[in-house]
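One structure is given here, and the rest of the page talks about it.
The values are calculated or read from the model by the stated rules, or taken from the named source; none is laboratory data. Because the structure is a prediction, the values reported are computed rather than measured. With ideal geometry, Cβ positions are generated from the backbone for all residues, glycine too; neighbour counts draw on all protein chains shown. Protein only, heavy atoms only, side chains kept; ligands, DNA and RNA dropped before computing areas. Shrake-Rupley method; radii C 1.70, N 1.55, O 1.52, S 1.80 Å.
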Amino acid sequence: MINCLMVRGTGITNSMSSLLYRTAMQMVQEKKSSKKFKGGDCQGVLSTEWKYAGMGTISGLQFSAKVESAAGTTEVTFIIRSLDLDEPDDDSWEAVPDQETFDRYAVADALEERDAIPRSRLN
């Protein structure tokens, strides 16, 4: 699974992210520092310097890519945890919810907080 995804440019789709993950896994298995990739909606080059990076509590092997698509050029940097390198996961990308879904969950969370029973009444 891709962690700590950082994007500069037009953004990437879920299928692009999955393609980057599969390409990164192939690179690790083949011990290659760079590899060209091409998918239905993009193409580019993925590379690694075999350095580990971390953000917060997540650390792993860092990859960088330049992705070309109809929307434009995007530079992507991401981390794959060592655990995920050892035990590949086919579910390589968890989609970010659209704004409507995000707003619905934010409202639900606010209602839960408003309706919550104060701790003083629980004892």
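Figure legend. Inter-residue proximity from the stretch 21-36: first residues under 13 Å from Leu85 (Cα atoms), second residues part of a helix (DSSP H, G or I) and at pLDDT below 95, beta-carbon distance below 8 Å, spacing 6+ or different chains. Indicated pairs: Met25/Leu85; Val28/Leu85. Residues in the stretch 29-51 that are open to solvent by less than 40 Å² (accessible area, probe 1.4 Å) and in contact with a helix residue (DSSP H, G or I) (Cβ under 8 Å, 6 or more places away or on another chain): Phe37, Gly39, Cys42, Leu46, Thr48. Residues that are surrounded by 13 or more Cβ atoms within 10 Å (Cβ to Cβ) and assigned to a strand (DSSP E or B) within the stretch 1-28 comprise Ile2, Asn3, Cys4, Leu5, Val7, Gly9, listed in sequence order.
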